[in-house]
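Student: Before I ask anything, here is the structure I am working with.
The values are calculated or read from the model by the stated rules, or taken from the named source; none is laboratory data. Nothing here was measured: the structure is a model prediction, and the numbers come from that model. Reconstructed Cβ throughout: ideal geometry from the backbone, glycine too, with neighbour counts over all protein chains shown. Remember, those area values only see protein heavy atoms, side chains included, never the ligands or the DNA or RNA. Shrake-Rupley method; radii C 1.70, N 1.55, O 1.52, S 1.80 Å.
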Number of protein chains: 2
Amino acid sequence: MQMDFLELIGLAAGCCTTAAFFPQVLHTWRTRSVADLSLRMYLLFTLGVVLWLVYGIRIGSLAVTLANAVTLVLAASILVMKLVYDKSPRKGSGRRSK
Amino acid sequence: MQMDFLELIGLAAGCCTTAAFFPQVLHTWRTRSVADLSLRMYLLFTLGVVLWLVYGIRIGSLAVTLANAVTLVLAASILVMKLVYDKSPRKGSGRRSK
């Protein structure tokens with residue numbers, strides 16, 4: 001029972017750190033504004049998640065593999081939006097929507 | 001040797017996903033601009049890291065504990081800056097410094 005509760009904490013932790021990127025994806029998708037996002041952060045983070053994914057697959061951990069597969073899609077989406085929207089400069093200060 | 005290489009991948013993965021938050025902390029600290037950062041992301045992510053930290057301590061894993069302790073400091077710093085700088089509205093469009 002003690003062990004079950006501990007594993008539940010681990011599961012909740014994984015859900016939180018993975019699901020956390022959803023609101024950022026939605027926020028960036030809606031605003032098309034990426035100036036405050038650090039390119040280096042998302043480059044390094046995406047690389048790290050790829051390595052976690054390789055690690056999860058190689059150690060045969062479904063939890064590590066699945067969590068990092070979802071996180072990779074989300075983090076890579078933010079990275080791509082950062083690269084794309086940074087290249088299309090905002091048309092004046094009124095470009096930012098809401 | 002095969003196992004060593006695999007553990008090296010895991011170590012590199014942990015370093016990347018933890019270190020990734022450094023550039024965002026610096027970026028936000030320098031610009032004082034947080035509009036593009038999702039508050040929900042950093043609330044959820046910080047909660048997740050706290051849970052990972054509890055999990056790491058309880059399972060007695062130094063790697064999980066250490067990595068998440070560092071990540072917690074960085075993610076919490078971004079969260080605090082988001083809350084503080086969002087409350088002090090920019091004085092016109094010239095507020096954003098470089």
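Student: Once the label point is placed 7 Å from Cα along Cβ, list for A:Arg40 the distances to the corresponding points in the other copies, in nm, shortest first.
Tutor: Nearest to farthest, the other copies are at 3.0 nm.
Student: While we're on this one: Regarding the protein assembly as shown, what's the average projected area of the Cα-atom convex hull, expressed in nm²?
Tutor: That works out to 11.8 nm².
Student: Provide the per residue accessible area, probe 1.4 Å, for the range B:9-85, rounded to a whole number of square angstrom.
Tutor: 45
Student: Note the angle between two axes, namely the Cα long axis of helix A:39-59 and the longest principal axis of the Cα atoms of chain A, as a number of degrees from 0 to 90, rounded to the nearest 10.
Tutor: Computed tilt is about 20 degrees.
Student: Please give the helix B:21-31 orientation as an angle from the longest Cα principal axis of chain B, in degrees from 0 to 90, rounded to the nearest 10.
Tutor: Between the helix axis and the principal axis of chain B, the angle is about 10 degrees.
Student: Still on this structure, please answer the following. Counting protein heavy atoms only and a 1.4 angstrom probe, how many square angstrom of accessible surface do chains B and A bury in total, to the nearest 100?
Tutor: 3400
Student: Relative to the longest principal axis of chain B, what angle (0 to 90°, nearest 10) does the C-alpha long axis of helix B:62-87 take?
Tutor: Helix B:62-87 sits roughly 10 degrees off the main axis of chain B.
Student: Still on this structure, please answer the following. One decimal, nm, shortest first: give the distances between the label point of B:Ala69 and those of the same position in the other copies, each label point 7 Å from Cα along Cα→Cβ.
Tutor: 3.4
Student: Compute the Rg/Rh shape ratio of chain B: radius of gyration over Kirkwood radius, all on alpha-carbon atoms.
Tutor: A ratio of 1.11.
Student: Taking only pairs that are 8 or more places apart or on different chains, how many Lys pairs in the protein assembly as shown have Cα atoms under 21 angstrom apart?
Tutor: 14
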